[in-house]
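Novice: There's a structure below that I have some questions on.
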Amino acid sequence: MKFNSVGLGFIAIAFGIVGNGLATGTSHAAEFSFTATNTTKTAITEVLVSENKSDWGYFDIGSGIKPGSTSDLVWDQSTNSEGCSQWVKATYADGSESEPAKFDFCENGLAIDF
């Protein structure tokens, strides 16, 4: 996960959270992944996460997630010491950004719609 700064924005993304393993305690691990589905008409350029809504890291989503497409994203091992509870938002090709929403990545089968 790398860190960068982003502004404010708007609009929709659907996340289906899928745990590839079981976790206990307050940290998540690299064996966790989730699917990100772009339900908008604009490509997603970044999927950002933060424990504190101040320092944002991002997932490597290659050239982006096209409208109507779904991508599987995996937590990097460098985040193993972070907590399960994370803020998530998406940045779009038009410069807009979804509102941050908080999710528990240790929950199995969690489905999230923005």
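The values are calculated or read from the model by the stated rules, or taken from the named source; none is laboratory data. Everything quoted here is computed from the prediction, not taken from an experiment. Note: ideal-geometry Cβ built from the backbone for every residue, glycine included; neighbour counts use all protein chains shown.
Novice: Please enumerate the residues belonging to region 60-90 that are surrounded by 12 or more Cβ atoms within 10 Å (Cβ to Cβ) and part of a loop (DSSP other than H, G, I, E, B).
Specialist: Across region 60-90, the qualifying residues are 61, 64, 66, 67, 69, 75, 76, 80, 82, 84.
Novice: Give me a count of the residues in region 36-59 that are under 9 Å from the mean Cα position of the chain (by Cα) and either assigned to a loop (DSSP other than H, G, I, E, B) or surrounded by fewer than 16 Cβ atoms within 10 Å (Cβ to Cβ) (or both).
Specialist: Going through region 36-59 one residue at a time, the tally reaches 1.
Novice: Continuing with this model, one more query. Among the numbered criteria (1) part of a loop (DSSP other than H, G, I, E, B); (2) modelled with pLDDT under 60; (3) farther than 17 Å from residue 97 by Cα, which one does residue 16 miss?
Specialist: Tallying (1) part of a loop (DSSP other than H, G, I, E, B); (2) modelled with pLDDT under 60; (3) farther than 17 Å from residue 97 by Cα, residue 16 fails exactly one: (1).
Novice: Scan region 91-111 and tell me whether some residue there is among the polar types (S, T, N, Q) and assigned to a strand (DSSP E or B).
Specialist: yes
Novice: Assess whether residue 84 counts as being of a type in the set (A, V, I, L, M, F, W, C), under 16 Å from residue 32 (Cα atoms) and more than 13 Å from the chain's Cα centre (by Cα).
Specialist: Here the answer is no, as residue 84 does not meet what is asked.
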